[in-house]
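Notes follow once the structure below has been shown.
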Amino acid sequence: MRLPKFEHLQPGSLEEALDLLSEYGEEAKVIAGGTDLLVSMKQRLLTPKYLLNLKSLAELDFIEEGKEGLRIGALTRLTNIIKSPLVREKFPVLAQAASYVSAPPLQNMGTLGGNLCLNTRCFFYNQSQFWRQARPLCFKTGGEMCHVVRGSDHCYSVYQGDLAPVLIALEARVKLAKKGGEWVVPLLDLYTGRGEEPIALEAGEILTEVEIPTPTIPWGGDYQKLRYRGAMDFPLVGMAAVLSLNGESCAGAKVVLTAVASAPVMVEEACKLLEGQRPDEEAIAKAAEAAYEVAHPVANIGSTPLYRKKMVRVMTKRAIANAGGRG
Amino acid sequence: MEKQIIQLTVNGEEYEAVVAPNQTLLEVLRDDLYLTGTKEGCGEGACGTCTVLLDGKPVRSCLTLAVEVQGSEITTIEGLASMGELQPIQRAFVEHGAIQCGFCAPGMILTAKALLDENPSPTEQEVRQAISGNVCRCTGYAKIVEAMLKAEMV
């Protein structure tokens with residue numbers, strides 16, 4: 001498959017990159033690892049006029065321990081996150097989730113920022129142009145219908161990133177930048193929940209850094225991923241759980257689902273149910289039930305919605321039990 | 001769409017190529033340098049037949065822009081055997097029947113090389129993990145894993 005034509009821009013610094021982005025606006029796309037973007041371009045889902053290459057910006061490729069926690073540059077390759085002694089020591093659950101993304105050669109290419117900014121996916125969207133032209137345009141491609149949920153008024157494409165749920169559970173913040181300014185937002189706010197435009201970045205804005213605050217009390221985390229094969233596949237259900245532990249009981253809990261909606265879902269009810277409780281079988285079962293209630297998968301990625309919904313319960317139980325056991 | 005000249009080292013030899021921004025490394029290797037050992041399978045990064053070593057690490061050449069590899073060192077399957085003598089991993093693949101139709105072999109062998117360079121005596125689990133992104137449609141995985149485990153001893 002051939003790539004469509006574009007102009008390749010190679011900025012020498014972040015500042016130059018932001019200048020170029022503000023100049024070209026909607027016509028430009030940034031490329032980091034390229035493992036998702038180039039596929040979308042080959043399928044003609046995206047045909048940017050300019051491709052702004054961030055790969056050579058060493059200033060965005062770092063893993064550092066700061067006063068408040070760990071800072072990871074958006075351009076850090078997933079392999080470097082998996083192998084980083086710092087990440088493995090401070091946030092083993094992040095290295096675990098990164099190792100579940102695709103397969104080693106793609107982890108050598110894919111970046112943290114790219115993984116977080118992953119577009120939402122759908123059987124009717126992630127297809128070649130030839131395949132798609134047999135059907136009318138859907139919401140995601142600029143049309144007025146959804147091929148999955150007939151009669152719906154919006155797009156149901158699914159956010160299937162593996163790192164976002166874990167980082168949201170760790171209360172990570174992301175640094176965004178555009179020409180003349182940078183600001184920090186909680187990672188959860190990066191996701192709009194709208195399948196058509198899932199990432200809350202305007203033209204000219206990029207994600208430059210992720211900050212993970214150091215937890216003040218002992219904690220444990222786990223990520224459970226349901227997929228057909230042990231590699232390559234996006235999650236059919238993903239569940240991240242992080243429990244802060246105060247002796248035997250759970251001082252705070254963050255339970256975050258992925259691959260069941262157009263954005264990662266923080267299961268508030270499950271977090272509340274676990275707080276102050278000993279994470280025993282009964283408490284875990286209640287939290288899993290809460291996650292089951294908020295998951296509404298539809299038939300637009302692999303497997304069936306019913307099976308995926310049932311597996312939300314199973315994955316939640318496993319994630320919370322493992323997280324509790326690791327504290 | 002402005003073409004540009006890139007210098008790259010492939011299998012120890014220096015090359016200069018005139019490439020368009022939308023050419024992938026795979027296209028340049030096959031169509032410009034005539035190194036057709038690297039295969040195009042899915043073209044979407046899912047199958048692993050286009051795997052090459054970029055500065056020693058396995059990457060997908062179908063998802064790597066040619067303009068990005070300026071100055072890099074690339075190893076393709078043609079770079080392994082020397083003077084008509086197979087490289088130990090290649091020999092292990094032949095001896096253990098790990099080559100059937102051969103389409104996945106270049107990607108498999110290069111992925112194996114990257115693993116064995118870093119970890120000369122991997123466990124079976126590590127081998128399976130390393131090649132988890134490479135598809136063999138003859139489904140001869142058992143023989144491939146066996147060859148990779150034995151290759152270390154050669």
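The values are calculated or read from the model by the stated rules, or taken from the named source; none is laboratory data. The model shown is predicted, which means the values in this text are computed figures rather than measured ones. Cβ atoms come from the backbone with ideal geometry, glycine included; neighbour counts cover every protein chain shown.
Values for this structure:
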quantity	calculated
Every residue from region A:40-51 that is surrounded by fewer than 22 Cβ atoms within 10 Å (Cβ to Cβ) and either in contact (Cβ under 8 Å) with a residue 60 or more places away in the chain or within 20 Å of A:Ser13 (Cβ to Cβ) (or both)	A:Ser40, A:Gln43, A:Arg44, A:Leu45, A:Tyr50
Within region B:102-154, tally of residues that are over 22 Å from B:Arg60 (Cβ atoms) and either polar (S, T, N, Q) or more than 17 Å from the chain's Cα centre (by Cα) (or both)	13
All positions within region A:1-36 that are among the charged types (D, E, K, R) and either closer than 21 Å to A:Gly181 by Cα or within 26 Å of the chain's Cα centre (by Cα) (or both)	A:Glu15, A:Glu16, A:Asp19, A:Glu23, A:Glu26, A:Glu27, A:Lys29, A:Asp36
Residue list for region A:30-76, filter: charged (D, E, K, R), within 11 Å of another protein chain (Cβ to nearest Cβ) and touching a Ser or Thr at 6+ places or on another chain (Cβ under 6 Å)	none
Residue in region B:29-50 that is facing chain A (nearest Cβ under 7 Å), surrounded by 22 or more Cβ atoms within 10 Å (Cβ to Cβ) and assigned to a strand (DSSP E or B) present	no
Residue in region A:9-28 that is at the interface with chain B (Cβ under 10 Å from one of its Cβ atoms) and at negative phi present	yes
Any chance A:Ala261 is in contact (Cβ under 8 Å) with a residue 12 or more places away in the chain and either among the acidic types (Asp, Glu) or surrounded by 15 or more Cβ atoms within 10 Å (Cβ to Cβ) (or both)	yes
Pair list, Cβ < 6 Å and 6+ apart or interchain, from region B:11-26 residues that are within 14 Å of chain A (Cβ to nearest Cβ) and over 16 Å from B:Gly71 (Cβ atoms) to residues that are of a type in the set (A, V, I, L, M, F, W, C) and part of a helix (DSSP H, G or I)	B:Pro21/B:Val67; B:Gln23/B:Ala66; B:Thr24/B:Cys62; B:Leu26/B:Cys62
Every residue from region A:221-230 that is at pLDDT 95 or above and either touching a Lys or Arg at 6+ places or on another chain (Cβ under 9 Å) or crowded, with 22+ Cβ neighbours inside 10 Å (or both)	A:Gly221, A:Asp222, A:Tyr223, A:Gln224, A:Lys225, A:Leu226
Residues satisfying the stated conditions in region B:61-75, i.e. in contact (Cβ under 8 Å) with a residue 60 or more places away in the chain and either crowded, with 24+ Cβ neighbours inside 10 Å or not in a loop (DSSP other than H, G, I, E, B) (or both)	B:Ala66, B:Val67, B:Val69, B:Glu73, B:Ile74, B:Thr75
All positions within region A:176-191 that are surrounded by fewer than 16 Cβ atoms within 10 Å (Cβ to Cβ) and farther than 11 Å from A:Leu18 by Cβ	A:Trp183, A:Val184, A:Val185, A:Pro186, A:Asp189
A:Cys122 being more than 13 Å from chain B (Cβ to nearest Cβ) and free of Cβ contacts under 8 Å to residues at least 24 places away in the same chain	no
Which listed residue is assigned to a loop (DSSP other than H, G, I, E, B) and not acidic (Asp, Glu), from B:Gly107, B:Gly97	B:Gly97
Candidates A:Arg150, A:Arg194 - the one that is part of a loop (DSSP other than H, G, I, E, B) and within 17 Å of A:Ala259 (Cβ to Cβ)	A:Arg194
Considering residues of region B:1-10 that are under 16 Å from B:Val69 (Cα atoms) and surrounded by fewer than 19 Cβ atoms within 10 Å (Cβ to Cβ) only, the residue nearest to the other protein chains (Cβ to nearest Cβ)	B:Gln4
